[in-house]
Amino acid sequence: MKAKVLITRLNDGKIHSGQSLATEFGVSRTAIWKIIQRALKEGFNIRTVRGHGYQLASPVDFLDQEIIVKNVESVSSRPLALSVVDEIDSTNAEVMRLLARGECVTPVVTAETQTAGRGRRGQPWCSPAGENIYLSMGLSLSGGFSAVDGLSLVLGVAVADALEYLGAAPVGLKWPNDIFIDGAKVGGILVELQGELQDGVVHAIVGLGLNVHMTAAPAIEQAWTSLALARPQLTWSRNALVSTLITSIADASDKFQSVGFAGFRSSWQSRDVFFSRHIMARDGELQGVGQGIDHSGNYVLRTIEGDVAVRSGEISLRFAS
């Protein structure tokens, strides 16, 4: 018996005794207790009410592959191979494996939780079960690596567009790959490339982590938020979010192949959280005022010695104190 089955039963918010659950599922009370312990380790918020049983402290918004596929197919003609899994090491790693086996043209993987999720520069990505979005998508782009300059910024625009369409406006973008709401990070994008170095096809594995229902994350040191915290007046459905995000990313990818980064630059600039702010890069060695991005997607700082472009391969920018 999987923890997800038990969580689904507890999703009514009521208190259920261990004995009633054991009888319903045809297992022992000890088995129920073990499943509860496993679910707690996976990040589900289950409360033990002494003498009464177990209660899910907050409802779980489970992903549903059938709903997501139906929503995407209703607005997009692009053929997608979607997989919704309960647990995986990393959705990016799974898309890489699928591409390596040649099984899918446009693979999309989303998971309830990741055991080895990662962000930029290999940093671990907090992935509690059933609360957020962990989504990766494989995009095939022609023209070699030079044709993907600015892709991560384009994807930031696509994610911001999707969130604002669903009511989260205004959404900010922090160079080079973070999504911001109300001055705090709500999500991040990780792009990894595979393919020909020159003029061949490049596979871009696009990974997106987005905080949806999360309300506590003591391991995260930087300022963060979630859609539920930032926009509590709205009801957030992870299925609706995943569907809208997939469609927006696919559409942006198609447009990017046609018009390049230039078609997205103004949209990115209008959401720049660094613009006109005193910021620093390169571990504080470079400080200046944010001027936005140049035609290649590099970030420009106005310093006392003139404008300096910071490439995305260098350290992330930080607000100067």
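The values are calculated or read from the model by the stated rules, or taken from the named source; none is laboratory data. Keep in mind that what you see is a predicted model, and the values were worked out from it rather than measured. As a convention, Cβ positions derive from the backbone with ideal geometry for all residues, glycine included, and neighbour counts pool all protein chains shown. Heads up: the accessible areas ignore ligands, DNA and RNA and are worked out on the full protein's heavy atoms, side chains in. Shrake-Rupley method; radii C 1.70, N 1.55, O 1.52, S 1.80 Å.
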Of the conditions (1) charged (D, E, K, R); (2) touching a strand residue (DSSP E or B) at 6+ places or on another chain (Cβ under 8 Å); (3) open to solvent by 80 Å² or more (accessible area, probe 1.4 Å), the single one that ASP89 does not satisfy is (3)
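Look at the stretch 203-227 and say how many of its residues are of a type outside the set (Gly, Ala, Ser) and open to solvent by 20 Å² or more (accessible area, probe 1.4 Å). Even if it seems obvious, please write down each step before you answer.
Here is the first cut: in the stretch 203-227, the ones of a type outside the set (Gly, Ala, Ser) are 203, 205-206, 208, 210-215, 218, 220-222, 224-225, 227.
Checking the rest, the ones that are also open to solvent by 20 Å² or more (accessible area, probe 1.4 Å) come to 203, 213, 215, 218, 220-222, 224.
So the answer is 8.
Going by what's in this entry, would VAL186 be described as assigned to a strand (DSSP E or B), in contact with a Ser or Thr (Cβ under 7 Å, 6 or more places away or on another chain) and modelled with pLDDT of 95 or more?
When the stated conditions are applied, VAL186 passes them.
Among the residues of the stretch 46-63, which ones are over 27 Å from GLN114 (Cβ atoms) and open to solvent by 40 Å² or more (accessible area, probe 1.4 Å)?
First, pick out the residues of the stretch 46-63 that are over 27 Å from GLN114 (Cβ atoms): 49-53.
Answer for the stretch 46-63, where residues must be over 27 Å from GLN114 (Cβ atoms) and open to solvent by 40 Å² or more (accessible area, probe 1.4 Å): ARG50, GLY51, HIS52.
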Set SER316, SER321, SER267, SER312: member being among the small types (Gly, Ala, Ser) and modelled with pLDDT of 90 or more = SER267
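Being touching a residue at least 12 places away in the same chain (Cβ under 8 Å) and closer than 27 Å to THR113 by Cβ is the requirement here; does GLY183 meet it? Don't jump to the end; show me each part of the working.
Values: touching a residue at least 12 places away in the same chain (Cβ under 8 Å): yes; closer than 27 Å to THR113 by Cβ: no.
Answer is no for this residue.
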Among the residues of the stretch 280-309, how many are charged (D, E, K, R) and modelled with pLDDT of 90 or more?
-> 4
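Just to check your reading of the model, which residue among THR247, THR235 is under 16 Å from ALA168 (Cα atoms) and not aliphatic (A, V, I, L, M)? It would help to see each step written out before you state the result.
Numbers: THR247 fails: under 16 Å from ALA168 (Cα atoms).
After applying the criteria, what remains is THR235.
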Can you confirm whether the stretch 142-158 contains a residue that is touching an Asp or Glu at 6+ places or on another chain (Cβ under 8 Å) and of a type in the set (D, E, K, R)?
-> no
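Hey, among the residues in the stretch 28-45 that are open to solvent by 50 Å² or more (accessible area, probe 1.4 Å) and closer than 28 Å to SER127 by Cβ, which one's modelled with the lowest pLDDT?
The first filter runs over the stretch 28-45 and keeps only residues open to solvent by 50 Å² or more (accessible area, probe 1.4 Å), leaving 28-30, 33-34, 37-38, 40-42, 45.
Those left that are additionally closer than 28 Å to SER127 by Cβ: 33-34, 37-38, 40-42, 45.
On the way: TRP33: 94, LYS34: 93, GLN37: 92, ARG38: 87, LEU40: 86, LYS41: 81, GLU42: 75, ASN45: 83.
The residue in question is GLU42.
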Evaluate the stretch 168-175: report whether one residue or more is open to solvent by less than 20 Å² (accessible area, probe 1.4 Å) and closer than 20 Å to THR91 by Cβ.
-> no
